[in-house]
Amino acid sequence: MKHRRFLTIIPITLLLLSAASYLMSDGSKSFPAATISDNGKLKAVVLTDAANNPKAMKEQKFTYTITDENGQSVSGAVVDVSLTMPGMFCGVIPTRMTETSPGTYVAVGIPVMKGNWTAVASVQAGSDSLRIEHPFHIG
Ligand SMILES: [Cu+2]
């Protein structure tokens, strides 16, 4: 009898453990690696640097690829990116921007705490502008 009771405890324990690990998981899987924004004039694709396991207080890279309505790379655009936490008041974190090749812009910034973040970018190319919000998670 004792043995049988013990055997029923195991699946219940496993169930509780899996529920706990689900609740404690950081939910980063629900965040897209890439975000696309297209207004017919400008198109921006943002990629989180997945190789750099995102950590608070560490530099994080975001790569923006900007193209025009013909799919041509847009170089010389002003791409301004800042990092914010939706629903929190921990401020707006600036990033530094480098156009690493024509149409490819890399923003580097430091998310200061764990949680859900948004990289908010405004792109200005000539008279065209585009806004793109890229959600990401810092575990
Ligand atoms: Cu915060």
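The values are calculated or read from the model by the stated rules, or taken from the named source; none is laboratory data. Remember, it's a predicted structure, so these values are computed and weren't measured experimentally. Using ideal geometry, Cβ is built from the backbone for each residue, glycine included, and neighbour counts are taken over all protein chains shown. Accessible surface areas use protein heavy atoms only, side chains included; no ligands, DNA or RNA. Shrake-Rupley method; radii C 1.70, N 1.55, O 1.52, S 1.80 Å.
Observations, loosely collected:
- Any hit, the stretch 79-95, residues being closer than 18 Å to L130 by Cβ, open to solvent by 50 Å² or more (accessible area, probe 1.4 Å) and either in a loop (DSSP other than H, G, I, E, B) or within 14 Å of the ligand (Cβ to nearest atom) (or both): no
- Screening S122 with (1) assigned to a loop (DSSP other than H, G, I, E, B); (2) touching a Leu at 6+ places or on another chain (Cβ under 9 Å) gives one miss only, at (1).
- Leading residue by the ranking (nearest to the chain's Cα centre (by Cα)) among those in the stretch 96-117 that are over 24 Å from D68 (Cα atoms) and surrounded by 13 or more Cβ atoms within 10 Å (Cβ to Cβ): W117
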